[in-house]
Amino acid sequence: MAEIRIQNLQKRFADFTAVKNSSLLLEDGKFVVLLGPSGCGKTTTLRMVAGLEFPTDGQILLDGEDVTYRRPRERDIAMVFQLFALYPHMGVRDNLEFPLRNERLPRVEIDRRIKEVAGILRIEHLLGSRVGGLAGGDRQRVALGRAIVRQPKAFLMDEPLGTLDAEFRELMCVELRKLHEKLKTTTVFVTHDQNEAMALADHIVVMNQGEILQADDPQGIYNFPSCVFVARFIGRPPMNLLKVNGAVSAGMKRVALDGQSVDVPMIEAAAGSALLGVRPEHVHLGAPGSGLDAQVQHVEYFGSHWIAELTSSAGSLKAVVDKSMKPKAGDAVGLGFDTQRVVLFDATTERLLP
Ligand code: ATP
């Protein structure tokens with residue numbers, strides 16, 4: 001078990017800064033997901049934690065010990081790569097044994113660990129098979145087994161499910177989470193897929209352009225995005241952002257969307273431009289004149305609900321509409337909001353207002 005602390009970490013490649021002054025505490029036993037678009041510095045961060053890359057500046061502490069410039073095998077951390085990283089010419093058992101033989105463990109201990117890991121991953125029946133002939137999911141299980149069998153202090157996983165098809169990915173997500181519940185080994189998992197992040201993480205770290213924008217549990221990230229980027233990146237459809245063109249009056253906790261009032265908790269914003277963030281499931285369609293005037297532009301049917309695209313004087317937005325309703329393009333509606341569930345962003349800095 002391990003606590004990993006990243007302090008003011010920075011990585012430059014020539015004159016390009018891939019990771020900018022990042023600090024983060026990865027708590028012991030937690031499943032932490034680094035999430036962000038391609039090129040945001042997730043893999044570089046993970047590689048520095050693994051010891052495959054040295055930072056330009058900053059420190060990495062493993063259980064309080066500075067490991068910043070230690071080589072990978074001196075860190076007792078296991079890396080699970082996307083491309084399975086198994087020896088295809090060897091059998092499953094040999095692949096699992098390999099890391100243990102390097103550690104010169106006694107035979108009885110090797111056999112005990114392989115039996116245990118094969119049981120956990122339900123691959124006992126594959127122990128005699130060749131890796132080359134295995135289906136993708138089985139290979140992935142064996143790859144996980146190879147990481148687990150070492151009983152490392154932490155697992156680092158770089159898009160390990162990236163090559164699997166959608167259905168299998170979901171299945172492996174559930175398996176990984178269950179595995180984590182059993183082993184409780186500190187895990188750092190890199191992905192650009194928010195569904196994977198939501199399904200797996202105790203904590204999500206959202207990155208963009210080499211910076212950590214928010215580190216929180218999935219509910220915190222979803223309900224209180226730290227900035228407009230996170231609000232747009234998380235959630236499908238993403239959070240609506242509406243222009244607040246009336247004054248924001250702190251004491252009243254009430255904002256105006258082109259003349260219509262909306263109650264907003266927790267606001268202490270100076271008068272002026274702000275953006276109101278509201279998730280599509282917290283927008284409600286009512287009769288025209290009952291709230292913010294809007295018009296339905298387009299509807300999509302999802303079986304359990306509709307998604308309506310709307311235009312209003314505060315901007316365009318989307319709403320999740322109950323399946324019992326039948327909104328249609330051209331309808332004039334009045335929009336209401338779950339006022340406890342809206343947030344405000346500063347329109348200039350794009351940061352969440354306190
Ligand atoms: P992806 O999901 O596409 O791998 P990522 O978030 O993991 O994205 P990184 O692989 O960490 O991003 O890369 C961050 C940036 O650093 C990218 O712009 C990449 O081109 C650059 N980069 C990474 N490694 C090197 C390197 N060895 N030399 C130069 N630039 C690099």
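What follows is calculated from the coordinates using simple rules that are stated; it is not laboratory data. Please read these numbers as outputs of a predicted model, since none were measured by experiment. Here the Cβ is made from the backbone with ideal geometry for all residues, glycine too, and neighbour counts use every protein chain on show.
In terms of overall dimensions, the range 203-248 has a Cα radius of gyration and Dmax of 11.9, 36 angstrom.
Can you check what the net charge comes to around residue 19, using other residues whose Cβ is under 11 Å from the Cβ of residue 19 (Lys, Arg +1; Asp, Glu -1)? Walk me through the numbers before you get to the answer.
Numbers: positive: 11, 12, 20, 42, 47; negative: 53, 57, 211.
The answer is +2.
All Cα-Cα separations within the chain were binned at 10 Å from zero, giving a P(r) of 5, 21, 25, 21, 15, 9, 4, 0, each value a whole percent of the pairs. Can you give me the Cα centroid spacing of the range 289-354 and the range 94-167 in angstrom? Each part reduced to its Cα centre gives a spacing of 48 Å.
How high is the relative contact order of the chain, in percent, with contacts defined as C-alpha pairs under 8 Å that are six or more residues apart? Taking the mean separation of contacting Cα pairs over the length of the chain, I get 16 percent. In the chain, the longest principal axis of the Cα atoms and the axis of helix 92-102 are about 70 degrees apart.
If each residue's Cβ is checked for other Cβ atoms within 10 Å, how do 73, 150 rank with the fewest at the top? Please list the in-between numbers first.
On the way: 73 9, 150 20.
Fewest to most other Cβ atoms nearby, the residues stand as 73, 150.
In what sequence do 175, 181 fall when counting other Cβ within 10 Å, fewest first?
Numbers: 175 17, 181 9.
The fewest-first ordering by Cβ neighbours comes to 181, 175.
Karplus-based coupling profile of the range 168-183, in residue order and whole Hz: 5, 4, 4, 4, 5, 4, 4, 5, 4, 5, 4, 4, 5, 4, 6, 8, with θ = phi - 60° in 6.51 cos²θ - 1.76 cosθ + 1.60 and x standing for Gly or Pro.
Divide by every residue of the chain the summed helix terms, -39500 (n - 2.57) for each DSSP H run of at least 4, and state the resulting mean residue ellipticity at 222 nm, rounded to the nearest 500 deg cm²/dmol. Intermediate results must be reported in sequence, preceding the final value.
Details: 8 runs with 85 residues, N = 354.
Using -39500 (n - 2.57) per qualifying helix, the result is -7000 deg cm²/dmol.
Straight-line reach from residue 328: taking Cα to Cα under 18 Å and skipping same-chain neighbours fewer than 8 places apart, the lysines in range are 318. Size check on the range 1-123: the Cα extents along the three principal axes, sorted descending, read 49, 30, 23 Å. Find the centroid of the Cα atoms in the range 183-251 and in the range 48-83, then give the distance between the two in whole Å. Measuring centre to centre over Cα atoms gives 26 Å.
When the chymotrypsin sites (Phe, Trp or Tyr not before Pro) in the range 279-354 are filtered for DSSP coil states and for at most 11 other beta-carbon atoms within 10 Å of their beta-carbon, the remaining sites are 302.
Ignoring aspartates and glutamates fewer than eight residues from residue 11 along the same chain, the ones with Cα atoms less than 16 angstrom from its Cα are 53, 57, 211.
Under 15 Å from the Cβ of residue 298, count the other residues' Cβ atoms, weight Lys and Arg +1, Asp and Glu -1, and hand me the total. Provide the component values of the computation, followed by the final result.
Values: positive: 318, 326, 328; negative: 300, 309, 331.
After counting each charged neighbour, the total is 0.
Listed by chain and number, the aspartates and glutamates placed with their C-alpha closer than 18 angstrom to that of residue 30 are 3, 63, 76, 158, 159, 175, 181, 196, 202, 216, 217; residues fewer than eight positions away on the same chain are left out.
Rank these for me by crowding, 304, 312, going from fewest to most other beta carbons within 10 Å.
On the way: 304 8, 312 21.
In order of increasing Cβ crowding within 10 Å: 304, 312.
Other residues within the sphere of radius under 12 Å centred on the Cβ of residue 92, judged by their own Cβ, net out at +1 (K and R +1, D and E -1).
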